[in-house]
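Data block below; observations after.
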Amino acid sequence: MVLPTHPRYESLMLRAKMVEAYKNGILSDSGLIAHGRGEAFDYLIGEKTTLNAHKAIQAAAAALILAVYPVISVNGNTAALASHEVVILTQSLDAKLEINLFYRTSERIKNIRKILEDAGAFEVLGVEEESVTIEGLKGPRSKSSKIGVNQSDVVLVPLEDGDRTEALISNGKFVITIDLNPLSRTSQKASITIVDNLIRAIPHLVREVDKLKNTSKSELRNIVNNFDNQLNLQDSLDLIAQNITTKKEKKIDKTD
Ligand code: PTJ
């Protein structure tokens, strides 16, 4: 048992949650590895929502409010970590919620649908309704609900793989992602990348949507247009570099 006094308590509890989700058939085995990769980057950004991430969250909220047909795409990791918050965000935006899995099995679809419905979702797409293929994409991830991602103008894809992000962009979608790795193909290709742990970013996004809901369309457009994703990613990389240097210096200080 991990005691709350353990210095890595929160991180270890998250791991336990992921292992549980794997055992319950929500998370894929690779999802556990993806979580580990995320942990490493989270450590490097300081395990908190940075100023850069806040800027991206604000732009993402504005883009989602402006969207005509917003869709939130959910995979195993997102369902395991933030099903309640995702459902709240969906309802607050009047968006569609769609399951899209890399490792798609009917069992996982059933389990993820259940936790989303238990969290309050009225409608979960990507299950068994009519689907179409996202152009330029192969495999199970290419499936898109006819009334879901297929029709979207803005799509939120927390934790996505690069191929799907690229395909969504080339199909004319405005893609918002949440990815702790600023160098990933998804981070680099998305329209807006929130470099943050989705466990923190999604609740922040919910609050930002609430805050900006009554803002004029022209002001919202200004927020989106003034956001530069490449610049924001570079700021996150600079922060990581700075954190590594500072920690290195601290260590040298201690040993000296
Ligand atoms: O549920 P499925 O079948 O769709 O499986 C999805 C996985 C996660 C296996 C698949 O999308 C995958 O392989 O992902 P990758 O390519 O490993 O990418 C995961 C990215 O998300 C990496 O860049 C991680 O740094 C990042 N990441 C991991 N955990 C989090 C995260 N970003 C934000 N919040 C997290 N909690």
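Quick check on A79: is it within 13 Å of the ligand (Cβ to nearest atom), of a type outside the set (K, R) and buried (at least 19 other Cβ atoms within 10 Å of the Cβ)? It would help to see each step written out before you state the result.
Values: within 13 Å of the ligand (Cβ to nearest atom): yes; of a type outside the set (K, R): yes; buried (at least 19 other Cβ atoms within 10 Å of the Cβ): yes.
Spelling it out, A79 is indeed within 13 Å of the ligand (Cβ to nearest atom), of a type outside the set (K, R) and buried (at least 19 other Cβ atoms within 10 Å of the Cβ).
Give the residues of the range 56-67 that are touching a strand residue (DSSP E or B) at 6+ places or on another chain (Cβ under 9 Å) and outside any loop (DSSP other than H, G, I, E, B), sorted by residue number. Lay out the reasoning, then the answer.
Within the range 56-67, the subset touching a strand residue (DSSP E or B) at 6+ places or on another chain (Cβ under 9 Å) is 56-57, 59-60, 63-64, 66-67.
If the condition is that a residue be touching a strand residue (DSSP E or B) at 6+ places or on another chain (Cβ under 9 Å) and outside any loop (DSSP other than H, G, I, E, B), then A56, I57, A59, A60, A63, L64, L66 are the ones that fit.
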Within the range 183-199, the residues that are more than 10 Å from the ligand (Cβ to nearest atom) and either charged (D, E, K, R) or closer than 13 Å to S73 by Cβ (or both) are K189, A190
Flagged in the range 124-158 as open to solvent by 60 Å² or more (accessible area, probe 1.4 Å), within 16 Å of the ligand (Cβ to nearest atom) and assigned to a loop (DSSP other than H, G, I, E, B), in numbering order, are K138
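Taking L180, is it in contact (Cβ under 8 Å) with a residue 24 or more places away in the chain, more than 10 Å from the ligand (Cβ to nearest atom) and buried (at least 24 other Cβ atoms within 10 Å of the Cβ)? I'd like the intermediate steps shown before the answer.
Working: in contact (Cβ under 8 Å) with a residue 24 or more places away in the chain: yes; more than 10 Å from the ligand (Cβ to nearest atom): no; buried (at least 24 other Cβ atoms within 10 Å of the Cβ): yes.
The answer is no for L180.
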Checking Y43 against (1) outside any loop (DSSP other than H, G, I, E, B); (2) surrounded by 20 or more Cβ atoms within 10 Å (Cβ to Cβ): exactly one of these is not met. Which one? (2)
If the Cβ limit is 9 Å and pairs must be 6+ apart or interchain, which residue in the range 159-171 that is closer than 20 Å to T78 by Cβ and open to solvent by 40 Å² or more (accessible area, probe 1.4 Å) pairs with which residue that is more than 13 Å from the ligand (Cβ to nearest atom) and at pLDDT 95 or above? I169/V175; I169/S191
Residues satisfying the stated conditions in the range 183-202, i.e. open to solvent by less than 30 Å² (accessible area, probe 1.4 Å), assigned to a helix (DSSP H, G or I) and not hydroxyl-bearing (S, T, Y): L198, A201, I202
Subset of the range 49-76, residues over 18 Å from L233 (Cβ atoms) and open to solvent by 40 Å² or more (accessible area, probe 1.4 Å), comes to I65, L66, V68, Y69
Quick check on my filter: what residues within the range 68-120 are over 16 Å from A21 (Cβ atoms), in contact with a Ser or Thr (Cβ under 7 Å, 6 or more places away or on another chain) and outside any strand (DSSP E or B)? Y69, N100
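Can you go through G36, G25 and tell me which one is exposed (fewer than 12 other Cβ atoms within 10 Å of the Cβ), at pLDDT 95 or above and within 13 Å of the ligand (Cβ to nearest atom)?
Values: G25 fails: exposed (fewer than 12 other Cβ atoms within 10 Å of the Cβ).
After applying the criteria, what remains is G36.
For every residue, the table says whether it meets (1) of a type in the set (F, W, Y); (2) at pLDDT 95 or above; (3) surrounded by fewer than 18 Cβ atoms within 10 Å (Cβ to Cβ); (4) within 14 Å of the ligand (Cβ to nearest atom).
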{"position": "Q91", "(1), (2), (3), (4)": "no, yes, yes, no"}
{"position": "I99", "(1), (2), (3), (4)": "no, yes, no, yes"}
{"position": "E107", "(1), (2), (3), (4)": "no, yes, yes, yes"}
{"position": "F122", "(1), (2), (3), (4)": "yes, yes, yes, no"}
Considering only the range 114-139, how many residues are farther than 20 Å from Q151 by Cβ and not acidic (D, E)? 6
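The values are calculated or read from the model by the stated rules, or taken from the named source; none is laboratory data. Fair warning: this is a prediction, and the values are worked out from it, not measured in the lab. With ideal geometry, Cβ positions are generated from the backbone for all residues, glycine too; neighbour counts draw on all protein chains shown. Side chains included, ligands, DNA and RNA excluded: accessible areas come from the protein's heavy atoms. Shrake-Rupley method; radii C 1.70, N 1.55, O 1.52, S 1.80 Å.
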